[in-house]
Each structure stands twice: as structure tokens, then as C-alpha cells.
């Protein structure tokens, strides 16, 4: 009977003395996302068994797919450590395989005191399965399905499906980061990849309502909802920064080729302010080298120079098709392509500087007194805790974000 889920950890098992800390963090994240008090958890060395106690495994497996730090998981049966008990369960599980399925049996004998070697166990079980299920075909080189048998000290475990996990590390174990979130495809994927590597993120979006539409902010809220299930306690913090005044000054005062460069430098300064308040050591963005004209190494250098914190770019060498594929996997793509653009795309200059220099950027920034404007934007920021179930719709046209939120209360 498939009565438990075997959870395998990823690279966190290589953490030496800190391994226990990482495993305990992974188990906390699992419990947060599974959120079922009818099941039990049994730790066994570098593995975890989730005892189903009659519960439906499907929602539990769906929740495990949102937990970073897990290599894989399988629905398994535990049987007595006898060859007859293993045969009986193997026959039962393989009986559900479609006619013509090419399969093999693979055995791992962790308990070396068990008297039968692994190859002989596999051969014996495969013969017993074929004797009962002549609609199956043994293929040890190119199987469609593999029946796995693990003989351990306490029992034998049998399963035939392995679900790939996210890998990486449990979110939060690698510290914090502030991720700049636009309404496009790239930045939510970059934030997701940071979370998979164990970084707890806060999201910062720069909105210019009513210069840009309120629907562009709605996109960002909905994108945050897709990221929330990967976060600690299934939520993320979203900072909505009113960027209109700074944005307008840049458009009015700065030469057009440097609009994007100066805009990004202002955004980094503001994001760093939130990071410092929360003792966060890094910023994160979705830039990828050469993806648009303004995303060059020179441009990144000229942006980074205003930050006292390192800026991580998880997508820096990724191809666009790979980014789109990941965006689809996390259910962000259809949101990202909604036809409502943010301030970075609506007013993109026709010929942005592709090799901007810090000297010129500083010269143009001196054309207006930006420091008090940065402070004012930080002070007026709207802070939201977003979960997958957050019910927040900003549908009022022409309002600022604060007005739209107040109208919905």
C-alpha cells in the first residue's frame, strides 16, 4: 500500500556540521506549505517520511513542489524486509502499469546484513512480476518505468515514481535579498530563482500612477501572488514605491539617452534604503546581458556603482526562451504579458546609451535635487504582505495606488 511519501533532500545534505540546521529548515518549510495536522513526519538520517494516515497524497505532493531544498520525492510502500513481502507489493504496484510498458527493477541494499545481494533481489522480483503480468516487458537499458526497491535496516521500501523537486536550499537559509520587480517576464523569474537558492526576498516595484495605468500595478500584485507560495509562511512583502515625481524629473531634465541609466540608479538607491532598514545584504534584478539595448556590461557597471550592496542577476547569461519557459512553470507568463506597461517600458528612449558612463550620469543627476525626492518616495511607499490568496483588485482608472487601495477598503 502506498502509504507514505519519501522526501529526499538536495545539496543541503553536503553542509557538514550545518546539515542539521538546513534539514530542520526544510522540514519547517514543508510543514508550512502542506499544512495538514492529520499526517505525521518521521526523520530518518538524510531523508524524511511523510506518513499519510489515509490522507490524499495529491495536495501534499503539489505543496512539496513549492519547497526549495528538496531533490525529489516519491509515493512509497513500506513492507516487511522479506523477499515474499517485497514480491507481493512489487506485483501489486506493477499491475497498474499499461500493457507493453518496458520496466526494470533496481534494488539498493542499504542493510548489508540482508542475506540476498541487490542484483539477485532485482532478478527475483522481475521474474515474479513477469510471471503475474505478461503484458509487461523487461528492459534494463531503456525502461519507461523503474520499480525501485530499497532494503533498509527497519524495512523495505518500494516505489516506481520519482517527482523532481526544486533543488537548491530552503528559503531563508541563505539570508535576505531585495528584488526589483517590474511587470515584465524577467524580474519575477529572477526573484523565483533567488528563492530557490534559499534567499528570502522582499519585492520592490516602482509605480508611476496615474502617468502609467493602475493595471500595471495590478500585474505586479498578481505576480507577487505567484511567488508567495515559495516564500516563508507562504507570503512575500511587496513595497510599492511612488516614483512619479522622480520619473517626471528624469524625463524633463535628463538627456533622453540617459533616461534609463539615471532611472535605474534612482531605483537602486531606493531599493538599497529598504535593504539597509531590514539588514539585507544584497539586491536582485532581472537583467540579462544583451537582452535589450540598455542591458550591457557598461550599463550594469554604471548602475551598480551607486549601490553599497552587491546586485545579483540570476538571469545574467540566460537565453530569453529559457526565461519564458521558467515563467510559464511558475504561472507568471500570462500575467507578465498583459498589455499594461510600467515606467521602465512605456518611456524607453529610442536610442538609450549602451555604454553609459558614471561621469555623465552624475552630471545629469546634478540637474535636479533628487535626494529629498528619494526620501519622500521611501516615506510614501505602500507596504503589502502578499499571499497566493490575497484578494486585492485595483480596478479604478486614473487613481494613484494609495487612492485605489483606499477606494477598495
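Just so you know, all these numbers are worked out from the coordinates, no wet-lab data involved. It should be emphasised that the depicted structure is a prediction, and the values quoted were computed from it without experimental measurement. Neighbour counts are summed over all protein chains in view; Cβ atoms, including those assigned to glycine, are modelled from backbone coordinates with ideal geometry.
Computed quantities for the displayed model
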{"quantity": "For the chain, radius of gyration divided by Kirkwood radius, i.e. Rg to Rh on alpha-carbons", "calculated": "1.10"}
{"quantity": "The range 176-408: antiparallel DSSP beta bridges as a percent of all, rounded to 5", "calculated": "25"}
{"quantity": "Rounded to 5, percent antiparallel among DSSP beta bridges of the chain", "calculated": "55"}
{"quantity": "Length-normalised contact order for the chain - Cα pairs under 8 Å, 6+ apart - percent", "calculated": "17"}
{"quantity": "Cα pair distances exceeding 24 angstrom across the range 176-408, given as percent", "calculated": "40"}
{"quantity": "The range 138-220: mean projected area of Cα convex hull, nm²", "calculated": "9.9"}
{"quantity": "Order by protection proxy (mean Cβ within 10 Å, highest first), peptides 196-207, 366-377", "calculated": "196-207, 366-377"}
{"quantity": "Using alpha-carbon coordinates, inclination of helix 320-329 to the longest axis of the chain, degrees", "calculated": "60"}
{"quantity": "Rg/Rh for the range 2-166, where both radii come from Cα atoms and Rh is the Kirkwood radius", "calculated": "0.99"}
{"quantity": "Mean residue ellipticity (222 nm) of the chain, computed from DSSP H runs ≥ 4 via -39,500 (n - 2.57), nearest 500", "calculated": "-11500 deg cm²/dmol"}
{"quantity": "Antiparallel %, DSSP beta bridges [both residues in the range 2-166], to 5", "calculated": "75"}
{"quantity": "Size of the range 270-357 as Cα extents on the principal axes (Å, biggest first)", "calculated": "34, 34, 25"}
{"quantity": "Separation in nanometres of the label points that stand 7 Å from Cα toward Cβ, at residue 84 and residue 35", "calculated": "4.7"}
{"quantity": "Calculated FRET efficiency for the pair residue 334/residue 112, C-beta based, R₀ 56 Å, to 0.05", "calculated": "0.60"}
